[in-house]
Amino acid sequence: MMPEVVQRHLQIKSDVRNLKIVREFVAKAVADSALKNSEANKVILAVDESVANIVRHAYKNRENGRIDIEILADEEKFQVIISDRGEQKFKLEEIKDINIQDHVRLGKRSGMGIFLTRKAMDEVVYKADHVNTLTLVKYIH
């Protein structure tokens, strides 16, 4: 029997204390989907990093911003759409991948979120309009 289509929505305030709720939300959706358990932590990490970046950069740690997370999953893909109305717009394609060995050797503790998200997901697409939208896709093989 094929898993049913999974559709979920979560709305949170831009507060890092909500990251645990986000991780649990994604974990539950992954468990209900056709995505392999071995891929679950990659997706959870990518969403966690992305939401943390929104809190930190788009809302500049203000706790009153709104973040919407929508999950759509079927037998072919697990898709997460994260939207916000934060200030910072950036060009995802201009952010270069980091050299992880150099990053660690230099003792850097941040700046790996987009790198990790790109490595964990099959597609990462960012669009900035009146709403910032980040779409993360993991294909189900």
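Bear in mind these aren't lab numbers, they're just calculated from the coordinates by the rules spelled out. This structure is a prediction, so every number in the text was calculated from the model and none was measured. Neighbour counts run over all protein chains shown; Cβ positions are idealised from the backbone, glycine included.
State the extension gain, in nm to one decimal, for the chain segment bounded by Arg62 and Asp122, taking 0.36 nm per residue of separation less the distance between their alpha-carbons. Don't jump to the answer; show the numbers that get you there.
Working: separation 60, 0.36 × 60 = 21.60 nm, distance 3.06 nm.
Result for the pair: 18.5 nm of gain on full extension.
Please give the FRET efficiency for Glu87 paired with Arg8, using the beta carbon to beta carbon distance and R0 = 22 Å, rounded to the nearest 0.05.
Working: r = 27 Å, r/R0 = 1.23.
Computed FRET efficiency for Glu87 and Arg8 comes out at 0.20.
Pop out the ³J(HN,Hα) list for segment 61-76 in order, Karplus 6.51 cos²θ - 1.76 cosθ + 1.60 with θ = phi - 60°, rounded to Hz; leave Gly and Pro as x.
Computed from phi, the couplings for segment 61-76 are 6, 6, 8, 9, x, 9, 10, 10, 10, 10, 10, 10, 9, 9, 6, 9 Hz.
Contour minus end-to-end for His141 and Ile21, with contour as 0.36 nm per residue of separation and end-to-end as the Cα-Cα distance?
Details: separation 120, 0.36 × 120 = 43.20 nm, distance 2.76 nm.
Additional length available on full extension: 40.4 nm.
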